[in-house]
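The structure appears below as structure tokens.
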Amino acid sequence: MSDQVRVRVWDLVVRTTHWLIALSIVVLSVTGFEIGHPVLAVPGQARDHFVMGTVRVIHSYAAIVFTLAVLSRMVWMFIGKGHARWREFVPVDRERRRGLLPTLAFYLFMRPRPALSVGHNPLAGATYVVVFALYLVMIATGLGMYAVDAHPSPVSWATSLLALFGGAMGARWIHHVTMWLLLGFVVHHVYSAILTSVVERNGTMESIFTGNKWVSRDLAQHDEAAR
């Protein structure tokens, strides 16, 4: 442990947007299931309880949080510093491209240790490009469907987005499928974070709370020089 140093990896914006996105995905998934396949039932007239209306309101507010968090994180990729920047996601550097296959081999149990990295490993960073694209699909389809139900409203213009997805029914189907893709990513994300944290013993899991990792002094110096 003496050769390891503490490195500040995730700033406050990265950590805050991460948890806002994660928590809003949970709320959106639960309320989305209820909207698509209602299971809540109360006695008496529906107008006396407004159950579905309440669920839809919660879904809408969670969608606002999700949208603002995603857009804030995307903006921070360009104005933030260090490991928050877009170069952590798009493998433009030769060294990060060379780390893609070794990292994949680690996840497939074909290699005992992953390629060394301080922030996102090369494969994880590239995967997040796809994940953020899915986020944008969810935002666009959700906004389009909301605009239809809330017409007229300040976001009535968003109904034009539905044409990109084959109309309201197509948008609803894509919205649903994308949700399952994101839930699948969540499972893999948690698994890979735990796996990497156990193998590298560098505080990967704790870092999303504290912002810090423990890495070798040589790796920290190399990382600092690269940035």
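A few remarks follow.
- Flag for MET110 being modelled with pLDDT under 90, loosely packed, with under 12 Cβ neighbours inside 10 Å and under 24 Å from VAL186 (Cα atoms): yes
- Condition broken by TRP180, with the remaining ones in (1) under 24 Å from the mean Cα position of the chain (by Cα); (2) surrounded by fewer than 17 Cβ atoms within 10 Å (Cβ to Cβ); (3) at pLDDT below 95 satisfied: (3)
- Within region 113-127, being out of contact with any Phe, Trp or Tyr (no Cβ under 8 Å at 6 or more places or on another chain), modelled with pLDDT of 85 or more and among the hydrophobic types (A, V, I, L, M, F, W, C) holds for VAL118, ALA124.
- Listed by position, the helices (runs of 4 or more DSSP H) inside region 82-191 whose residues that are touching a residue at least 24 places away in the same chain (Cβ under 8 Å) and touching an Asp or Glu at 6+ places or on another chain (Cβ under 8 Å) number at least 3 form an empty set.
- Scan region 1-51 for residues that are in a loop (DSSP other than H, G, I, E, B) and free of Cβ contacts under 8 Å to residues at least 12 places away in the same chain and the total you get is 10.
- Any hit, region 15-34, residues being surrounded by fewer than 16 Cβ atoms within 10 Å (Cβ to Cβ) and over 30 Å from GLU88 (Cβ atoms): yes
The values are calculated or read from the model by the stated rules, or taken from the named source; none is laboratory data. If you're wondering where the values come from, they're calculated on a predicted model, not measured in any experiment. Ideal geometry is used to build each Cβ from the backbone, glycine not excepted, and the neighbour counts take in all protein chains shown.
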